[in-house]
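For reference, the structure discussed in these notes is given below.
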Amino acid sequence: MNNNSNQCSFLKLHQLLHVMLLQTVHSRDLAAVGYDPMHLLLEVKFKLSGRVYAFFEVKKQEYLEMMASKSIGHYFNTMIKHNHRSMKVSK
């Protein structure tokens, strides 16, 4: 099984169980985020659309830096959004 197949399988299972807890954040664009360090998976819920996206292979250090940054949205947009594969999880 290749990496994309593994990610798709994991995402299907994740959608069925949807066990990730999202934490509300103070951001103009982001409503909440959640992180699964075991799978290096970041979930982001956007305020405007309400959609949730999963971002793959996000290192724990990236997540911690984003949460500690002065602007979570800016960090997300510059360091994560275009540097990690993503997939829509809901809505």
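Restricting to the range 9-25, name every residue that is crowded, with 17+ Cβ neighbours inside 10 Å and either touching a Ser or Thr at 6+ places or on another chain (Cβ under 9 Å) or modelled with pLDDT of 95 or more (or both). Within the range 9-25, just Val25 meets the criteria.
Note on the range 34-50: residues that are more than 16 Å from Arg85 (Cα to Cα) and of a type in the set (A, V, I, L, M) amount to 2.
In the range 26-35, the condition of being surrounded by fewer than 17 Cβ atoms within 10 Å (Cβ to Cβ), among the hydrophobic types (A, V, I, L, M, F, W, C) and out of contact with any strand residue (DSSP E or B) (no Cβ under 7 Å at 6 or more places or on another chain) is met by no residue. Among residues of the range 42-85 being touching a Leu at 6+ places or on another chain (Cβ under 6 Å) and assigned to a loop (DSSP other than H, G, I, E, B), the one that is surrounded by the most Cβ atoms within 10 Å (Cβ to Cβ) is Val58. Exactly one of (1) in contact (Cβ under 8 Å) with a residue 12 or more places away in the chain; (2) more than 16 Å from Ser86 (Cα to Cα); (3) not polar (S, T, N, Q) is unmet by Lys59. Its number? All conditions are met except number (2). Right, His39: in a loop (DSSP other than H, G, I, E, B), more than 10 Å from the chain's Cα centre (by Cα) and either surrounded by 13 or more Cβ atoms within 10 Å (Cβ to Cβ) or at pLDDT 95 or above (or both) or not? It is true that His39 is in a loop (DSSP other than H, G, I, E, B), more than 10 Å from the chain's Cα centre (by Cα) and either surrounded by 13 or more Cβ atoms within 10 Å (Cβ to Cβ) or at pLDDT 95 or above (or both).
The values are calculated or read from the model by the stated rules, or taken from the named source; none is laboratory data. Fair warning: this is a prediction, and the values are worked out from it, not measured in the lab. Don't worry about glycine lacking a Cβ; one is built from the backbone with ideal geometry, like all the others, and counts go over all protein chains shown.
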